[in-house]
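Have a look at the structure that comes next, please.
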Amino acid sequence: MQMNRADLLHAYRTMRTIREFEERLHVEFATGEIPGFVHLYAGEEASAVGVCMHLTDRDKIASTHRGHGHCIAKGVEVQGMMSEIYGRKDGVCGGKGGSMHIADMSKGMLGANGIVGGGPPLICGAALTAKVLKTGGVAVAFYGDGASNQGTTLESLNLATIWKLPAVFVCEDNGYAEATSSSYSVGGSQAKRAEGFGMPCYEVDGFDFFAVHDAAGVAIERARNGDGPSMLHVKLARYFGHFEGDATTYRAPGEVDRIRAEQDCLRRFRRLVTEAALLDSGELDAVDHAAAEAVELSVRGAKAGMPPGDADLLTDVYVAY
């Protein structure tokens with residue numbers, strides 16, 4: 001799929017922003033100032049950005065506990081996100097959701113989710129809404145290889161097919177369900193599972209932004225055209241532990257270093273676009289600098305912010321329709 005210079009810069013800027021955001025959170029979490037659990041998305045950037053570049057605010061996504069990358073790819077503001085993770089009142093959820101429940105309905109980001117496999121049923125509802133109201137919207141669920149074994153996920157695949165919903169199921173297979181290898185915990189193949197529910201599955205190299213972008217474009221266009229759901233099986237890797245504080249003793253020595261050196265999606269993107277003379281190194285370096293500066297400012301802003309007060313305790317409990 002041909003992309004112009006503006007799209008290429010947008011893709012790289014978004015992936016770089018996610019990487020800077022996550023690398024910085026890895027450092028900041030160690031200070032003890034961030035409440036709750038944090039699960040980092042570094043290494044998986046090409047998946048979120050490759051998919052979400054095809055979406056608009058009318059489209060909905062549901063995330064996992066590892067939701068920062070999906071938020072940024074869907075257009076959620078970095079400052080609001082950082083403030084939320086620090087538990088500040090000016091965060092996107094008023095400082096009461098934190099990392100694992102970060103959301104922004106204005107951007108169609110239905111939220112990160114502490115429930116494994118909690119996202120697929122949500123996007124069936126969002127997709128049904130789009131179909132009934134004829135909005136032209138699409139709903140996308142991101143979930144991991146561990147969540148692919150949950151009944152909620154399998155039931156959602158079945159429901160989406162029966163109702164021919166404009167839905168896309170993105171299985172981000174980073175090799176581990178927490179500390180258990182997907183080669184041990186997942187029977188059969190994701191593609192065969194999709195086939196069993198009557199939907200196509202696109203197997204994708206998650207280190208290759210262009211491969212993800214192309215496959216996602218096909219699946220999302222298919223959903224918009226009323227042809228029903230699809231699955232993307234994206235094979236990638238996370239660079240940090242399942243959560244911050246995870247000792248990662250289940251990973252082989254040097255495993256992450258090798259992946260960073262040989263398969264990193266940002267390095268691969270830079271190499272491909274510069275070799276093809278689509279962008280030059282100076283432009284990409286400028287993006288790197290701007291992303292780092294934006295994340296630095298977001299950290300400063302979050303640290304200076306105020307936490308929610310007692311008066312905020314009972315707000316946002318119920319929704320009035």
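Being of a type in the set (V, I, T), outside any helix (DSSP H, G or I) and surrounded by fewer than 24 Cβ atoms within 10 Å (Cβ to Cβ) is the filter here, so list the residues in the range 62-80 that pass it.
Taking the range 62-80 as the starting set, the residues that turn out to be of a type in the set (V, I, T) are 64, 72, 76, 78.
Still in the running and outside any helix (DSSP H, G or I): 64, 76.
If the condition is that a residue be of a type in the set (V, I, T), outside any helix (DSSP H, G or I) and surrounded by fewer than 24 Cβ atoms within 10 Å (Cβ to Cβ), then V76 is the only one that fits.
State all residues of the range 117-129 that are out of contact with any Ser or Thr (no Cβ under 8 Å at 6 or more places or on another chain) and either outside any helix (DSSP H, G or I) or free of Cβ contacts under 8 Å to residues at least 40 places away in the same chain (or both); if no residue qualifies, say none.
Matches in the range 117-129: G125, L128.
Of the residues D280, D264, only one is more than 13 Å from L8 (Cβ to Cβ) and either among the charged types (D, E, K, R) or out of contact with any Leu (no Cβ under 8 Å at 6 or more places or on another chain) (or both); which?
D264
Right, here's the next one. Looking at (1) among the acidic types (D, E); (2) touching a Cys at 6+ places or on another chain (Cβ under 9 Å); (3) surrounded by 24 or more Cβ atoms within 10 Å (Cβ to Cβ), which is the only condition D104 fails?
Of the numbered conditions (1) among the acidic types (D, E); (2) touching a Cys at 6+ places or on another chain (Cβ under 9 Å); (3) surrounded by 24 or more Cβ atoms within 10 Å (Cβ to Cβ), the odd one out for D104 is (3).
Further question on the same structure: Find the residue count for the range 178-218, including only residues that are among the β-branched types (V, I, T) and open to solvent by 60 Å² or more (accessible area, probe 1.4 Å). Walk me through how you get there before you give the answer.
So in the range 178-218, the residues among the β-branched types (V, I, T) come out as 180, 186, 204, 212, 218.
From what is left, the residues that are open to solvent by 60 Å² or more (accessible area, probe 1.4 Å) are 218.
Residues flagged as among the β-branched types (V, I, T) and open to solvent by 60 Å² or more (accessible area, probe 1.4 Å) within the range 178-218 amount to 1.
Against the condition under 24 Å from the mean Cα position of the chain (by Cα), within 30 Å of S182 (Cα to Cα) and surrounded by 15 or more Cβ atoms within 10 Å (Cβ to Cβ), how does D264 come out, does it pass?
Details: under 24 Å from the mean Cα position of the chain (by Cα): yes; within 30 Å of S182 (Cα to Cα): yes; surrounded by 15 or more Cβ atoms within 10 Å (Cβ to Cβ): yes.
Taking the combined requirement at face value, the residue satisfies it.
Just for the range 275-321: of the residues that are part of a helix (DSSP H, G or I) and of a type in the set (S, T, Y), which one is surrounded by the most Cβ atoms within 10 Å (Cβ to Cβ)?
Among those that are part of a helix (DSSP H, G or I) and of a type in the set (S, T, Y), it is S298.
Right, next: Are any of the residues in the range 231-243 charged (D, E, K, R), in contact (Cβ under 8 Å) with a residue 24 or more places away in the chain, under 26 Å from Q2 (Cβ atoms) and open to solvent by 60 Å² or more (accessible area, probe 1.4 Å)?
yes
Sticking with this one: For the range 18-54, which positions are within 19 Å of D208 (Cα to Cα), open to solvent by less than 20 Å² (accessible area, probe 1.4 Å) and not small (G, A, S)?
If the condition is that a residue be within 19 Å of D208 (Cα to Cα), open to solvent by less than 20 Å² (accessible area, probe 1.4 Å) and not small (G, A, S), then I18, R19, Y41, E44, E45, V49, V51, C52 are the ones that fit.
Does the range 191-211 contain any residue that is in a loop (DSSP other than H, G, I, E, B) and among the hydroxyl-bearing types (S, T, Y)?
Our first condition is that a residue be in a loop (DSSP other than H, G, I, E, B); within the range 191-211, this holds for 197-200, 206-208.
Those left that are additionally among the hydroxyl-bearing types (S, T, Y): none.
For the range 191-211, residues in a loop (DSSP other than H, G, I, E, B) and among the hydroxyl-bearing types (S, T, Y): absent.
The values are calculated or read from the model by the stated rules, or taken from the named source; none is laboratory data. None of the values given here were measured: they were computed from a predicted structure. All Cβ positions, even for glycine, are placed from backbone atoms using ideal geometry, and neighbour counts span all protein chains on display. Surface areas here come from the heavy atoms of the whole protein model, side chains and all, with no ligands, DNA or RNA. Shrake-Rupley method; radii C 1.70, N 1.55, O 1.52, S 1.80 Å.
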